[in-house]
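Trainee: Structure provided below as structure tokens; questions to follow.
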Amino acid sequence: MGAVTEPARRRTHMDTLNGETPTIRLFALLELIAAKDRLVTLQDLVDETGMPKPTLHRMLQQLESAGLLVRQSDGRHYGTGARLRRLAENLLLNATHHGARHAVLRHLVEEIGESCNVTALSGNEVVYLDRVETPEPLRFYLRPGSRVPAHCSASGKMILSQMSPGQRAKLLSHAPLKQYTPHTVTEPGPLEEEFTRVRRDGFAVDDEEFLPGLVCVAVLVPSPAGRSNQCVAVQAPVMRLTADKALHLLPALQRAAEAIARVEHEGGQE
């Protein structure tokens, strides 16, 4: 099959944006912008869709006024707004297939005996979408909806490792990176070395970097899109789980991640 030509791609986008109602057209524009890993300009969208500039400008203004898009300080670039990101988080937290995802997580905890969670990146933080606690009396309790910093969490490092150095720098540069423990890495150079290592190895470790005494290992949930925004992770006190011991849990984590990917795919087809 031959490659899709630029005119054909533009026709596809234009057909999508020429929906039956103004609401559907606005939603289609949101989908187009949210699918990109960069900010967009009005001219970018004109070039990509072939739609008239005044029409697209009016649509962008409507989405901006609703808090679904935000315009950057240069006045030209647009990105997803806080309201849209909250919507995405709520969909992940409260999806109808949540029960099946939770069952996979519960089985994983029964298999390895430690607390496990499903996480996603939101801004420069990691949000817990789901969690099952270990029956062990000594544990770190974190409920679904909890947030942890991306730069010193296993899930955060795992998801960030898929980005380019420029994308990571932009995401992490909004505020100084906080030193939570003596093990927290906050310098750009060592962090980039860690991201390179994580991308190569396919897993990330938080070795007492966020909370003293807590070790965490995370793997990505596979995504058909290539880049994933979800992880499966295990957490335990360092007296039961060291970084070296955690490597033996990788096969179980990877099996659970693949099972959750199937749950997500089946849920999206409902």
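Trainee: Taking residue 235, is it among the polar types (S, T, N, Q), modelled with pLDDT of 95 or more and either in a loop (DSSP other than H, G, I, E, B) or in the same structural domain as residue 112 (by the TED database) (or both)? Please lay out each step first, then the result.
Mentor: Values: among the polar types (S, T, N, Q): yes; modelled with pLDDT of 95 or more: no; either in a loop (DSSP other than H, G, I, E, B) or in the same structural domain as residue 112 (by the TED database) (or both): yes.
The answer is no for residue 235.
Trainee: While we're looking at this one, here's another question. Sort through 46, 70 and tell me the only one that's hydrophobic (A, V, I, L, M, F, W, C), surrounded by 12 or more Cβ atoms within 10 Å (Cβ to Cβ), modelled with pLDDT of 80 or more and outside any helix (DSSP H, G or I).
Mentor: On the way: 46 fails: outside any helix (DSSP H, G or I).
Of the residues listed, the single one that is hydrophobic (A, V, I, L, M, F, W, C), surrounded by 12 or more Cβ atoms within 10 Å (Cβ to Cβ), modelled with pLDDT of 80 or more and outside any helix (DSSP H, G or I) is 70.
Trainee: Tell me, please, whether a residue that is surrounded by fewer than 19 Cβ atoms within 10 Å (Cβ to Cβ) and outside any loop (DSSP other than H, G, I, E, B) can be found in the range 201-216.
Mentor: Yes - at least one qualifying residue is present in the range 201-216.
Trainee: Right, next: Quick one: what pairs do we get from the range 152-164, first residue in contact (Cβ under 8 Å) with a residue 60 or more places away in the chain, second small (Gly, Ala, Ser) and crowded, with 24+ Cβ neighbours inside 10 Å, C-beta under 7 Å, 6+ apart or different chains?
Mentor: 154/204; 154/218; 154/233; 155/218; 155/233; 157/204; 158/204; 158/218
Trainee: Another question, then. Filter the range 160-200 down to the residues that are of a type in the set (Val, Ile, Thr) and open to solvent by 30 Å² or more (accessible area, probe 1.4 Å) and list them by number.
Mentor: Going through the range 160-200, the residues of a type in the set (Val, Ile, Thr) turn out to be 181, 184-186, 196, 198.
Within the range 160-200, 185, 186, 196 qualify.
Trainee: Output the qualifying pairs, or none if there are none: Cβ atoms under 6 angstrom, residues six or more apart or on different chains, first residue in the range 97-119 and closer than 19 Å to residue 217 by Cβ, second residue hydroxyl-bearing (Ser, Thr, Tyr).
Mentor: Every condition considered, the pairs that remain are 114/134; 115/134; 117/128; 119/128; 119/155.
The values are calculated or read from the model by the stated rules, or taken from the named source; none is laboratory data. Quick caveat: nothing in here was measured; it's all calculated off a predicted structure. As a convention, Cβ positions derive from the backbone with ideal geometry for all residues, glycine included, and neighbour counts pool all protein chains shown. Surface areas here come from the heavy atoms of the whole protein model, side chains and all, with no ligands, DNA or RNA. Shrake-Rupley method; radii C 1.70, N 1.55, O 1.52, S 1.80 Å.
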